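Let me begin by presenting the structure, written as structure tokens, before commenting on it.
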Amino acid sequence: VTLTTGEGVSIPANALASTTPISIKLYDAKPTTSSAQSELTSIGSVAVFGPAGTQFASPVALTLSFTESDLPSGSTAEAYWLNEATGLWESVGGTVSGGTITAQVDHFTKFVVMAVQAVCGDGVVDGEEECDDGNVDNGDGCSADCGKIEAFFQCSGAPSVCEQTIEPKFSAAMFYGETDLQGSANEIWVRLSFNVPLKAGGRIHLGGFTGTGTPNSNTVPLVFTDTTMSPYLEPRGAWVQSTGTLTVTVKEEATSSLTFGFELTNPNADNGAASVTVSCTDCLDVESYSSVEFESVEVSTSILAVDYTAPTCTDADKFGADCSETCLGTVVGSLCQCEPGFFDHDCGTEGTLLGSAVQTVPANVARSVTLTTGEGVSIPANALASTTPISIKLYDAKPTTSSAQSELTSIGSVAVFGPAGTQFASPVALTLSFTESDLPSGSTAEAYWLNEATGLWESVGGTVSGGTITAQVDHFTK
């Protein structure tokens with residue numbers, strides 16, 4: 001049943017109890033409301049549907065019209081019916097299309113279209129409000145103007161009940177060091193995972209690297225596992241020696257993880273392992289008034305752990321059973337230990353870096369990391385305990401051995417696999433290369449690893465194919 005002006009009702013079959021004379025009367029009247037409903041303004045004519053009080057077995061669709069230009073900015077149009085018992089207008093909502101609104105109702109009475117001006121803090125979600133928790137405070141999930149549900153919150157109901165659904169935090173933080181040699185340059189790798197994006201301009205703080213010999217008020221260059229990581233961070237971090245804190249700046253929004261490396265100098269004396277606190281400042285894309293903060297995490301590591309062992313020889317640079325050999329590295333007890341890039345039993349050979357590679361390898365994925373020269377490692381799935389930045393450094397050095405291993409002659413470059421000391425749950429396959437013409441007649445080629453605790457090279461055998469050898473190992477070292 002419709003009027004030529006557009007007002008009408010659509011009644012489905014069996015909604016009426018019996019055959020009924022349906023009536024519509026449209027009045028050119030825009031009723032005012034009481035002070036109790038001052039947020040309402042009528043913007044359409046009053047439509048009286050009859051018979052008054054008719055109840056329907058299933059909802060019927062009323063269509064009302066209104067003047068769009070009468071709708072105030074910031075208000076929404078809703079259909080209302082007059083509750084004669086209370087004298088108040090009650091909303092039935094409705095779907096707006098141009099200058100008409102259609103609403104589902106279950107009875108007949110007087111209806112009109114009202115402009116609803118939202119009143120923030122009244123506990124009613126209306127107008128352009130996204131929420132209304134009954135107050136005008138920021139930082140509780142619903143903004144002070146009720147116009148926005150704050151980031152990481154969900155709000156429902158009226159009054160709105162808001163709860164924080166996500167606590168931004170680092171879900172994982174892992175650190176790997178290259179060496180525990182006192183006073184040595186130590187390349188440290190960091191793998192951070194987080195459950196929300198870090199916005200550009202945010203600052204990640206790694207605090208607790210105490211005891212290091214790296215100068216204060218310095219900037220430290222960062223290195224990355226691959227070119228896909230480098231755009232996300234500024235190339236240098238700010239170092240503060242007094243607190244042992246490195247601060248790196250996010251250059252481009254990072255969505256879930258970051259892997260990067262930097263170099264610090266190990267302490268020269270006994271030093272406990274660093275307990276690193278990872279925190280983030282201005283890392284969240286939230287409203288300025290938000291109370292949500294990025295949760296910091298404290299990580300126990302083996303980084304910077306130096307167990308100083310005094311030389312057993314009277315002269316600090318002498319080592320060996322009879323103290324007759326000179327160490328060009330650092331004497332630890334009776335052994336000569338080399339800084340990264342130096343080799344030989346007395347650390348007398350400095351290797352030229354021929355090539356390097358770093359790749360982040362997930363724990364549950366089989367992955368190979370190789371150099372263009374052929375050296376590499378093939379890691380089966382689940383051999384790693386966690387996602388790890390796997391590194392290879394190849395040095396142009398053929399170290400000599402001590403008199404205790406005079407039967408050995410190096411015929412290939414030194415490949416340093418890291419992180420140093422990594423243990424595997426199942427063997428990984430290392431591939432090394434060597435110069436076939438350097439293999440003396442009557443000799444066989446085998447792969448060896450350096451046992452830092454004894455200063456001796458230990459064989460892992462291997463299968464030779466041309467100028468390469470492949471061996472199964474359960475840990476990383478030189």
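The values are calculated or read from the model by the stated rules, or taken from the named source; none is laboratory data. On a predicted model such as this, the values are computed, not experimentally measured, just so you know. Don't worry about glycine lacking a Cβ; one is built from the backbone with ideal geometry, like all the others, and counts go over all protein chains shown. With ligands, DNA and RNA removed, areas are computed over all heavy atoms of the protein, side chains included. Shrake-Rupley method; radii C 1.70, N 1.55, O 1.52, S 1.80 Å.
Details
- Subset of segment 228-265 (residues that are touching a helix residue (DSSP H, G or I) at 6+ places or on another chain (Cβ under 7 Å) and either surrounded by fewer than 19 Cβ atoms within 10 Å (Cβ to Cβ) or of a type in the set (Val, Ile, Thr) (or both)): Val250, Lys251, Glu252
- Among the residues examined, Asp145 qualifies as in a loop (DSSP other than H, G, I, E, B) and open to solvent by 80 Å² or more (accessible area, probe 1.4 Å).
- Filtered residue count, segment 1-38, keeping only those that are open to solvent by less than 100 Å² (accessible area, probe 1.4 Å), of a type outside the set (A, V, I, L, M, F, W, C) and not in a loop (DSSP other than H, G, I, E, B): 4
- Filtered residues of segment 97-133 (kept if modelled with pLDDT of 95 or more and under 14 Å from Ser75 (Cβ atoms)): Ile101, Val113
- Answer residue from segment 306-327, given it is part of a loop (DSSP other than H, G, I, E, B) and aliphatic (A, V, I, L, M) and is surrounded by the fewest Cβ atoms within 10 Å (Cβ to Cβ) among those: Ala310
- In the set (1) under 27 Å from Asn266 (Cα atoms); (2) open to solvent by less than 30 Å² (accessible area, probe 1.4 Å); (3) in a loop (DSSP other than H, G, I, E, B), the condition left unmet by Thr360 is number (3).
- Residues of segment 366-411 that are free of Cβ contacts under 8 Å to residues at least 12 places away in the same chain and either in a strand (DSSP E or B) or not acidic (Asp, Glu) (or both): Ser368, Ser403, Ser406.
- Top-ranked residue of segment 39-83 - restricted to ones that are more than 22 Å from Ile22 (Cβ to Cβ) and assigned to a strand (DSSP E or B), ranked as farthest from the chain's Cα centre (by Cα): Ser42
- Tally of residues being more than 16 Å from Leu71 (Cβ to Cβ) and open to solvent by 60 Å² or more (accessible area, probe 1.4 Å) across segment 112-124: 3
- Among the criteria (1) surrounded by fewer than 19 Cβ atoms within 10 Å (Cβ to Cβ); (2) β-branched (Val, Ile, Thr); (3) closer than 30 Å to Cys338 by Cβ, the one Thr225 does not fulfil is (1).
- Matching residues in segment 349-365 - criterion: being touching a residue at least 40 places away in the same chain (Cβ under 8 Å) and of a type in the set (Gly, Ala, Ser): Gly351
- Yes/no for Ala420 being assigned to a loop (DSSP other than H, G, I, E, B) and open to solvent by 20 Å² or more (accessible area, probe 1.4 Å): yes
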